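This report concerns only the one structure given below.
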């Protein structure tokens, strides 16, 4: 499953990549990680299709992950789910505005990131194939209009 990791900061992308690993959970699909540092690069990938899940840094510059998530959800047909990493837990209301499907906050907790990403991957696998393709995970698709779950550190 193709997972796009977006941040202008190479260290943040590395933290995300390490938290995801080859597979974020035993019952989740394998992750093929694609790193991007700019929003134009991200939108080229989304326009081309084939992206399954996005992990977006809300603190990215000059285009933050919240705005990128909102734009993608508004403009990309069948937009992949977005896991947003926000700067502070108090920014949850902005994450709701961004239409993110799941939220964690900085500093990145590798366990929380892997758990939230695995849930999104399971849901995506179910929505594209009609059944969970790896293991027997409990797939739940969160509609974009509801407040996303947040993991506070």
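Under the simplified labelling scheme, the residue 2-residue 61 pair shows an inter-label distance of 3.0 nm, with each label point 7 Å from Cα along Cα→Cβ. Remark: the residue 75-residue 18 segment gains 17.6 nm on full extension, using 0.36 nm per residue and subtracting the alpha carbon distance. Exposure proxy for 111, 51: other Cβ atoms within 10 Å of each Cβ, ordered fewest to most, give 111, 51. Sorted on the mean count of surrounding Cβ atoms within 10 Å across their residues, most packed first, peptides 2-9, 97-104, 39-46 read 97-104, 2-9, 39-46.
Bear in mind these aren't lab numbers, they're just calculated from the coordinates by the rules spelled out. Nothing here was measured: the structure is a model prediction, and the numbers come from that model. We place every Cβ from the backbone using ideal geometry, glycine too, and count neighbours over all the protein chains shown.
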